[in-house]
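**Q** Quick one: the structure is below, and I'll ask about it shortly.
The values are calculated or read from the model by the stated rules, or taken from the named source; none is laboratory data. The model shown is predicted, which means the values in this text are computed figures rather than measured ones. Note that we place each Cβ from the backbone using ideal geometry, even for glycine, and neighbour counts take in every protein chain shown.
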Amino acid sequence: MRTLLIGVVSLTALAQTASFEAVTIRPAGPEEAGISGGDGRNGGLKIWNMSLRGLVGNAYSVPGSLVIGGPPWIGEAGYDILAKADQPLGERELFLMLPGLLADRFQLQVHRESRTVSGYTLTVAKGGVLAKVSDPERHSSSNGGPGFIDSAGNGWGALAKRLTVLLGRPVVDKTGDARHFEFHLRWTSDEVLAGAASPNPEAPSLLTALREQLGLKIEAKKVQVSVIVVDHAEPPSAN
């Protein structure tokens with residue numbers, strides 16, 4: 001097992017020159033957990049009712065189940081975060097800045113380990129990709145819920161991340177396609193929510209939707225994934 005110490009995350013050139021000029025962190029209210037990124041106009045990042053374990057997962061692009069170690073409270077206490085970048089940024093760049101915010105306000109120290117676990121691979125189905133290619137200059141945006149994912153300006157790695165949450169196991173992008181796409185994925189949600197129904201009962205299963213709407217497929221495989229180990233964390237510093 002190989003261990004790689006993480007100091008400063010390698011950022012894109014744009015994210016390297018940016019910083020959060022205003023950050024507010026408070027104990028979470030009762031609302032449902034979620035996260036929203038800036039749309040390129042104001043560089044704002046809003047996170048609500050998310051544990052530090054979930055925040056670390058978002059910061060390092062792994063599901064919360066692959067964030068291990070640390071004191072028990074990192075998976076129990078939820079936080080609301082409002083952060084404003086000092087320049088217009090898209091969602092990808094804002095997430096690239098999140099590790100620095102956590103290190104500063106939670107005194108977070110982590111390292112990354114590579115492990116082989118049961119998961120899925122995301123590949124291109126026979127017939128090729130069906131999604132529309134995004135304008136290279138477009139800022140990224142995404143939204144999702146039971147039975148749908150809307151995305152623009154994101155690669156298949158971002159979709160694999162969302163599928164990881166939906167399927168409860170790591171999904172690894174093996175498409176070999178570095179382009180960014182626009183799509184509106186619709187399927188029949190298998191998730192049973194109190195008082196909620198699938199937004200489209202006539203929609204196909206998730207696996208069929210991926211193949212028919214995007215030209216992609218997923219297969220159960222042993223996959224090598226990055227696990228984030230929390231070495232140190234403290235409750236957030238005052239605003």
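**Q** Given the conditions (1) at pLDDT below 90; (2) outside the structural domain of Gln213 (by TED's automatic domain parsing), which single one is not true for Arg138?
**A** Looking at each condition in turn, Arg138 falls short on (2).
**Q** Among (1) under 16 Å from the mean Cα position of the chain (by Cα); (2) assigned to a strand (DSSP E or B); (3) farther than 20 Å from Ser51 by Cα, which single condition is Gly144 missing?
**A** Result: Gly144 passes all but (3).
**Q** For region 203-228: of the residues being at pLDDT below 90 and part of a loop (DSSP other than H, G, I, E, B), which is surrounded by the fewest Cβ atoms within 10 Å (Cβ to Cβ)?
**A** By that ranking, first place goes to Ser205.
**Q** Let me ask something else about it. Do we find a residue being surrounded by fewer than 17 Cβ atoms within 10 Å (Cβ to Cβ) and assigned to a loop (DSSP other than H, G, I, E, B) anywhere in region 148-159?
**A** no
**Q** Another one. Could you list, ordered by first residue, the pairs with Cβ atoms under 8 Å in which the first is in region 58-81 and at pLDDT 90 or above and in a loop (DSSP other than H, G, I, E, B) and the second is buried (at least 20 other Cβ atoms within 10 Å of the Cβ) and of a type in the set (D, E, K, R), at least 6 apart or interchain?
**A** Here the result reads Gly70/Arg53, each pair linking region 58-81 to a residue that is buried (at least 20 other Cβ atoms within 10 Å of the Cβ) and of a type in the set (D, E, K, R).
**Q** Still on this model: Output yes when any residue across region 171-192 is aliphatic (A, V, I, L, M), surrounded by fewer than 16 Cβ atoms within 10 Å (Cβ to Cβ), at pLDDT below 90 and within 21 Å of Ser65 (Cα to Cα), and no when none is.
**A** Checked against the condition, which is being aliphatic (A, V, I, L, M), surrounded by fewer than 16 Cβ atoms within 10 Å (Cβ to Cβ), at pLDDT below 90 and within 21 Å of Ser65 (Cα to Cα), region 171-192 yields at least one hit.
**Q** Limited to region 85-121, what total is found for residues that are aliphatic (A, V, I, L, M), more than 19 Å from Val67 (Cα to Cα) and more than 16 Å from the chain's Cα centre (by Cα)?
**A** Here the count works out to 2.
**Q** Given the conditions (1) touching a strand residue (DSSP E or B) at 6+ places or on another chain (Cβ under 6 Å); (2) over 20 Å from Phe95 (Cα atoms); (3) not in a strand (DSSP E or B), report the number of the one that Leu130 does not fulfil.
**A** Of everything listed in (1) touching a strand residue (DSSP E or B) at 6+ places or on another chain (Cβ under 6 Å); (2) over 20 Å from Phe95 (Cα atoms); (3) not in a strand (DSSP E or B), Leu130 misses just condition (1).
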